[in-house]
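The values are calculated or read from the model by the stated rules, or taken from the named source; none is laboratory data. Predicted model, so just to flag it, every value in this text is computed and none were measured. Virtual Cβ from ideal backbone geometry, glycine too; neighbours counted across all protein chains shown. Areas reflect the complete protein model, heavy atoms only, side chains present, ligands, DNA and RNA absent. Shrake-Rupley method; radii C 1.70, N 1.55, O 1.52, S 1.80 Å.
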Amino acid sequence: RATVEILEFTNPWWRGESPPETQRYRRWAFHEAWRRLDNNLTPAVAVRGPRQVGKSTIQQQVIEQLLLIEDISPSRILRVQFDDVPQLGTLRQPIASIVRWFEKHVLRESINALARQGKPVYLFFDEVQNLKTWASELKSLVDHTAARTMVTGSSSLRIARGEASLAGRVSFIDLGPLRLREIAGVRHLGDLPVMPDCADVTKWTSREVWLDYCNRLGRSAKFLDRAFSWFSRLGGYPVCHKNPNESRSELATLVVDNAVGRTIERDMPVDSAGRAWDRTLLRHVFRQLCRYAGRSVKPQRIGQEINDVYQSNVTHRVVNDAVQYFADSMLIHLVWPLEVALKGQSHGPKICLCDHFVREAWLQESVPIDPGVLRTADQTVATVAGSIIESIIGYYLKGVPELEVAWFPQRRDEPEIDFVLTLGSKRIPIEVKYTRGSPGN
């Protein structure tokens, strides 16, 4: 009975009520998720990313679109929030059990029968990563029912585990913090041009594409500067831009507690041997990852530093697993050295943090990246700011579909290259220059 009450409460449209009002601004991932769901390109669409970047909001916006614009019958929409109501996950085969109940008591007809009548049913599962059987249940669901399904999750690890069996059944959308264009939109600063089409990254090899984009950006320089000013102060987490009256310290606490703290405390982290993590260790490791944002580091070095500071005896394997856990949770991306440079090299991955405001909040260390502020900073601060910018760019690039990203270590006769993009048989080297000098330097 408790489960039924939860489902009825979280699906207010069943009783004739409007869905909760959502953020009016639509992120890029909303349009992409809606396109895939509406066109039924695959039976299921999965939006994955770190906590608090807006995955649940996008799901709610899609439901709002179905109810208020597409005029879909409320009884044909089911949403289950597994993270907010964890007891739902204790059900035996929770997805299958809930869908069977939904068919019997809400639809009063099978999903497949309605699909044959041209009345598709929409299923939304929020934060599925903590369901042990989610992948097998989702596979069974899409194989045996004609529902259009959207799932979200905060861990690429648990979502990726099902990819082999879900190939062709699920399309994935990776969502990170707000981009500059989205910050401008949320804060009503003005319109910024869209980046060159990420759906076809082969266009990135065209010089004309980038020149055209730069020209369009130049015409919107005022809006770009204002958006970057806000980004430099508060990063890209949506909560920091939807709550303009909150102080920086309050926003920092929100980001740390909800984005990082909940990843450590609530996502049931286990190491490669299946043992529960020492959460204090995870916090120490994340602290070091924040310090190395934008730089290359081997997990062994992180482990040695933790052992030296805390007089512990952490093994390299445990630290390596912890680093991978944060990569799987998408709080960081790891950019590995280019394959051709690996022979005879001993470089670690470059650490790209999801958001520089997370670094500031976790370390309680403010490093300005605004050019005007940075111009008066000393050289040490300017160097750290350069690494942070490199981290920001690396995280964005790793989130672009179909794009391979690496970095090239310095060799005897060749300089280091910050990033190397591989597009089929072509490679694009990227050198990041961000100094405290005058504009253009």
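How much length is gained on full extension from Tyr310 to Ala167, taking 0.36 nm per residue of separation minus their Cα-Cα distance? Walk me through the numbers on the way to the answer.
Values: separation 143, 0.36 × 143 = 51.48 nm, distance 4.43 nm.
Length difference between fully extended and current span is 47.0 nm.
Taking springs between alpha-carbon atoms closer than 10 angstrom, which of Ile428, Ile111, Ile369 fluctuates most in the Gaussian network model of the chain?
In the Gaussian network model the winner is Ile428.
What Kirkwood radius, in Å to one decimal, follows from the Cα pairs of the stretch 256-410?
Numbers: mean 1/r = 0.0610 Å⁻¹.
After inverting the mean inverse Cα-Cα distance, the result is 16.4 Å.
Would you please state which residues of the stretch 408-429 a label at Thr205 would reach in this model, taking the label point 7 Å out along Cα→Cβ and a backbone N cut-off of under 11 Å?
422-428
With every protein chain present, what is the per residue accessible area of the stretch 98-242 (1.4 Å probe, Å²)? Mind dumping the intermediate values first?
Numbers: 6700 Å² over 145 residues.
Value returned for the stretch 98-242: 46 Å² of accessible area per residue.
Can you find, among Ser140, Gly236, Ile302, the residue farthest towards the positive end of the dipole of the chain? Put +1 on the C-beta of Lys and Arg, -1 on that of Asp and Glu.
Result: Ser140, furthest along the dipole toward the positive end.
Where the only charges are on Cβ atoms (+1 Lys, Arg; -1 Asp, Glu), what is the dipole of the stretch 68-123 about its Cα centre, to the nearest 20 debye?
On the way: 8 positive and 6 negative charges, 62 e Å.
That gives the stretch 68-123 a dipole magnitude of about 300 debye.
Once you keep just the Cα pairs under 8 angstrom separated by 6 or more residues, what percentage relative contact order results for the stretch 1-103? Please report the intermediate quantities before stating the final value.
Details: 53 pairs, mean separation 32.0, N = 103.
The value is 31 percent.
Taking the chain as a Gaussian network, Cα atoms linked when under 10 Å apart, which of Gly153, Gly424, Gly386 shows the biggest mean-square fluctuation?
Among Gly153, Gly424, Gly386, the largest mean-square fluctuation in the Gaussian network model of the chain belongs to Gly424.
Among Pro19, Phe30, Phe9, whose Cα projects farthest towards the positive end of the dipole of the stretch 1-41, with charges put on the beta-carbon of Lys, Arg (+1) and Asp, Glu (-1)?
Value: Phe30.
Report, ordered by chain and residue number, the lysines lying within cross-link reach of Lys350, taken as a straight Cα distance under 23 Å and ignoring same-chain residues fewer than 8 apart.
Cα-Cα hits under 23 Å: Lys298, Lys398, Lys426, Lys433.
Per DSSP H run of at least 4 residues, take -39500 (n - 2.57); add these up for the chain, divide by its residues and hand me the 222 nm value, nearest 500 deg cm²/dmol. Present the calculation step by step, with values, prior to reporting the outcome.
Numbers: 20 runs with 188 residues, N = 441.
Mean residue ellipticity at 222 nm (helix-derived): -12000 deg cm²/dmol.
From the Cα gyration tensor of the stretch 220-324, with a ≥ b ≥ c the square roots of its eigenvalues, which class applies: rounded if a/c is under 1.5, or else prolate if a/b is larger than b/c, or else oblate? List each step's numbers first, then the result.
Numbers: a/c = 2.76, a/b = 1.95, b/c = 1.42.
Judged from the Cα gyration tensor, the stretch 220-324 comes out prolate (a/c at least 1.5, a/b above b/c).
For the stretch 1-70, what does the convex hull of the Cα positions come to per residue, in cubic angstrom?
On the way: hull volume 8.6 nm³, N = 70.
Looking at the stretch 1-70, the number lands at 122 Å³ per residue.
List the relative contact order of the stretch 54-138 as a percent without decimals, with contacts defined as Cα pairs under 8 Å and 6+ residues apart. Intermediate results must be reported in sequence, preceding the final value.
Details: 61 pairs, mean separation 33.5, N = 85.
Relative contact order here is 39 percent.
Have a look at the stretch 356-439 and give its Rg and Dmax from the Cα atoms, expressed in angstrom.
Cα only, the stretch 356-439: 15.0, 43 Å (Rg, Dmax).
Could you check the spin-label model distance between Tyr213 and Thr422? Points 7 Å from the Cα along Cα→Cβ, value in nm.
2.1
As a test, work out the antiparallel percent of DSSP beta bridges whose residues both lie in the chain, rounded to the nearest 5. Kindly include the intermediate steps, with their values, before the conclusion.
Details: 16 of 37 bridges.
Of all bridge pairs located within the chain, approximately 45 percent are antiparallel.
State the three equivalent ellipsoid semi-axes of the chain, derived from the C-alpha gyration tensor as the square roots of 5 times its eigenvalues, in descending order and whole Å. Kindly include the intermediate steps, with their values, before the conclusion.
Working: eigenvalues 292, 136, 95 Å².
Equivalent-ellipsoid dimensions as semi-axes: 38, 26, 22 Å.
Taking the Cα centre as origin and putting +1 on Lys and Arg beta-carbons and -1 on Asp and Glu beta-carbons, what dipole magnitude results for the chain, to the nearest 20 debye? If you can, show how the numbers build up before the last one.
On the way: 58 positive and 51 negative charges, 57 e Å.
Around 280 debye, computed over the chain.
Send over the Kirkwood Rh of the stretch 195-247, from the inverse of the averaged 1/r over different Cα pairs, rounded to one decimal Å. Let's see the in-between values first.
Numbers: mean 1/r = 0.0751 Å⁻¹.
Every distinct Cα pair counted, the radius reaches 13.3 Å.
Let's see if you can work this out: charge +1 on each Lys and Arg Cβ, -1 on each Asp and Glu Cβ, no other charges. What is the dipole magnitude of the stretch 3-145 about its Cα centre, in debye to the nearest 20?
The dipole magnitude comes to about 340 debye.
With unit charges on the beta carbons (Lys and Arg positive, Asp and Glu negative) and the dipole taken about the Cα centre of the chain, which residue among Ala276, Cys214, Leu68 sits farthest to the positive side?
So the residue furthest toward the plus end is Leu68.
If I take every Cα pair under 8 Å that is 6 or more residues apart in the chain, average their sequence separation and divide by the length, what percent do I get for the relative contact order?
Details: 633 pairs, mean separation 61.2, N = 441.
Over the chain, the number comes to 14 percent.
Going by a ≥ b ≥ c, the root eigenvalues of the Cα gyration tensor, does the stretch 1-142 fall in the rounded group (a/c under 1.5), the prolate group (a/b larger than b/c) or the oblate group? Could you put the intermediate results ahead of the total?
Values: a/c = 1.26, a/b = 1.09, b/c = 1.16.
The shape class here is rounded.
Under 10 Å, Cα contacts only: if you run a Gaussian network model on the chain, which one of Arg219, Arg411, Arg359 comes out with the highest mean-square fluctuation?
It is Arg411.
How big is D for the stretch 86-145, in µm² s⁻¹ as a whole number, if Stokes-Einstein is applied with the Kirkwood radius of its Cα pairs at 37 °C and 0.692 mPa s?
Numbers: Rh = 12.3 Å.
It comes out at roughly 266 µm²/s.
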